Every structure is written in C-alpha cells, then in structure tokens.
Amino acid sequence: MLLADLEGNINWLNEEWAVEKTWKAYEGGRVGYIETSLWDRKKGRIIVVTVGVSSIRCCDSPTEKELTPRTVQDDSSTPFPLLKVWLLTLPSAPSDPSTSSALSSPDLTLLRQTPVSPTANRPSPVSSLAVSPSLSHIVVGLTDGNVVGWKRVDELIEASVGDFDAAARASENGAAGTSKSRDRNPQFNVGGMGKLRILSEGNKEPITNIGIADASSNSGTPTLFILTTSEILALPLPPSHGSSRHKTTTPTVLDDLGAAVGCAKIMRLGLGRGIGEDGETAERMVVAREEAIYVYGSEGREGCWAYEGK
C-alpha cells in the first residue's frame, strides 16, 4: 500500500502495515492526492500520479534531504500545485532463491512534473484528481470551478520510461568498466507534461469529485464526470490521438443535485436486465448522498438505492 501524508512523503506499507520505505515527494510541503495505474505487469511497474504543494522556503533538514529521490528537481520556486508522475518498481524476488529469501526494495522514480497553472499569477487549490484507465488522460478539478487536464499522457510516460531504461543501461555499463561502482544511479532528466487544457470552466462552484469512465461500445469516447456541490455533469473527453484542434464541448447536466467531497467513485457495475447482455459490465459514476446511493451513466441517472437514516 502507498500512503501519502501531509508532510510531503509517500510511504510504502508492507503486509504488516509497517512503513518499510519513505520517499520525499514534495520538499517542505504536502501531498494532497494520489492515484495509481498498472503500467507493466511483467516488470512489476506501476505509474503513480500525485498532486501536492512544495514550500516556497526549501527545507534544509539533513533527514529530509536523505529521503529525497535522486531524480527530483528543484520545485520549490512555484506557488502553484504540482502534478507529478512517478514510476514505481515493485519488489521482486532474487534471481537465485538460495542467495536470499528477502525481496528487493521498491523504487520510486520521478518521470514528469508540471505546475497546475491554468491562470497566470493566480494559483487555485486542487480539489480532485482523476486518471483514465488507459493513462491517456490526467484531469484535475479546482476549487474555482475549473477542470483542466492533459492528454496523450501514455505517450509521455512511454517516452520517459524508455529514456530511464536507456540511462540505467548506460550507467550499468559505465560502472562495469571502472573499479568504482558505488554510484550506479542513472542520469535521468525529468520531463514536463505538455500543454495544459481547460476542459470545463465552471460557475465558480468548487469541484468536489471527478472521474473518468472507460469508452463505451457506443460512443468510443471516455466520459469525464464532473461533480460540484450542486450539480453532476458529464463531458466527452477530447481524443488522445488525432487533431489538436478538438473543439471543447459544453458539459451536459445530469442532475441538479451535487455531491460532497469524497462521496463519489467510478465503479464497474453490471448493467442489469433490459440494459445489456447478461454478464455485461460498464463503468459508472456512483454517488453517495445522505438519503440514497445513485448511479450515473453518460446519459443521466440510471438507478438508486435508498436507505433509512443518514
């Protein structure tokens, strides 16, 4: 389990719930949101996306410096929230089981980072984070009602992973040719995220939840659900590949009732009788309110389950 905290750390918890390893993700700041997605099952690689803030005053604590990942660049000069994309390499068993019964340690490497800055000189706190299942899109909701994001993220990650692997091979070859092999860390440059796109300009109501549902068989386009304190909206995401002149569409209002912070989640559900074939499933936005649990598709509300009490 990965546990992000309000001291800027990402913690690796083992099966006994003990902190086994800690990385400093935001120097002198805090981590606000964290999402993970499988990247390479065979190599045990996970993509970790975080949003947080770093202190304007860089902390000089030796303990914190020791925890700083080798690839983190100086990010303490921006007042904007920072989105970071990491490569997490999972522990693997040794190639020769007779040498050691212990697993190798997990490793976290920063691949890309960018400030979340849709408006120059006016930072707005991030209130929600969503990553598409295919890693093609990363979207964040802001407290000022705007929703912004990046597309073709999977291509950026693939390029960064390739550069990192090439740097690692070069480092290993260089270390093998010398008697000094103490430092075999690859020299790897952290990249950016490309163009930041404003996907929706709200009415100044804070975004409380967002979620990205897989493309349906009918539309072929992922759906971005946007939730505020008083509305639930759906927006087709721009295609990850193709023309960059995609026209931004206006979100469709699905319901005039909103949702509180942290009370909504994209889930894969059975479609039920009369909606799809037996066993067919699809991703939906599930919203919990005080009176019931509601399910929303891209066309509107599809069902609810009421319960007594709050």
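The values are calculated or read from the model by the stated rules, or taken from the named source; none is laboratory data. What you see is a predicted model, and the numbers here were worked out from it, not measured in a lab. Heads up, the Cβs are rebuilt from the backbone with ideal geometry, glycines too, and the neighbour counts pull from every protein chain shown.
From the list Ala260, Ala282, Ala234, the lone residue that is within 14 Å of Ala130 (Cβ to Cβ) and either modelled with pLDDT of 85 or more or part of a loop (DSSP other than H, G, I, E, B) (or both) is Ala234.
If the condition is being among the small types (Gly, Ala, Ser), modelled with pLDDT of 95 or more and over 14 Å from Ile210 (Cα atoms), then the range 101-152 contributes no residue at all. Of the strands (runs of 3 or more DSSP E) entirely within the range 189-228, those holding at least 2 residues that are outside the structural domain of Glu158 (by TED's automatic domain parsing), small (Gly, Ala, Ser) and within 20 Å of the chain's Cα centre (by Cα) occupy 207-213. Could you tell me which residue of the range 12-23 is modelled with the lowest pLDDT, considering only residues that are in contact with a strand residue (DSSP E or B) (Cβ under 7 Å, 6 or more places away or on another chain) and surrounded by fewer than 18 Cβ atoms within 10 Å (Cβ to Cβ)? Filtering first and then ranking leaves Asn14.
Every condition in (1) modelled with pLDDT under 60; (2) closer than 27 Å to Ser134 by Cα is met by Tyr26 except one, and the failing one is (1).
Within the range 2-14, residues that are aromatic (Phe, Trp, Tyr) reach partners that are buried (at least 18 other Cβ atoms within 10 Å of the Cβ) with beta carbons closer than 6 Å, at six or more positions or on different chains, in the pairs Trp12/Pro106. For the range 153-178, taking the residues that are modelled with pLDDT of 90 or more and of a type outside the set (A, V, I, L, M), the one that is nearest to the chain's Cα centre (by Cα) is identified as Asp154. Taking first residues from the range 160-173 that are assigned by TED's automatic domain parsing to the domain that holds Phe188 and partners that are of a type in the set (A, V, I, L, M), the Cβ contacts under 6 Å between residues at least 6 apart in sequence or on separate chains come to Ser160/Leu111. Among the residues of the range 24-59, those identified as in contact with a Phe, Trp or Tyr (Cβ under 8 Å, 6 or more places away or on another chain) and either of a type in the set (Asp, Glu) or in a strand (DSSP E or B) (or both) are Arg45, Ile46, Ile47, Val48, Val49, Thr50, Val51, Gly52, Val53.
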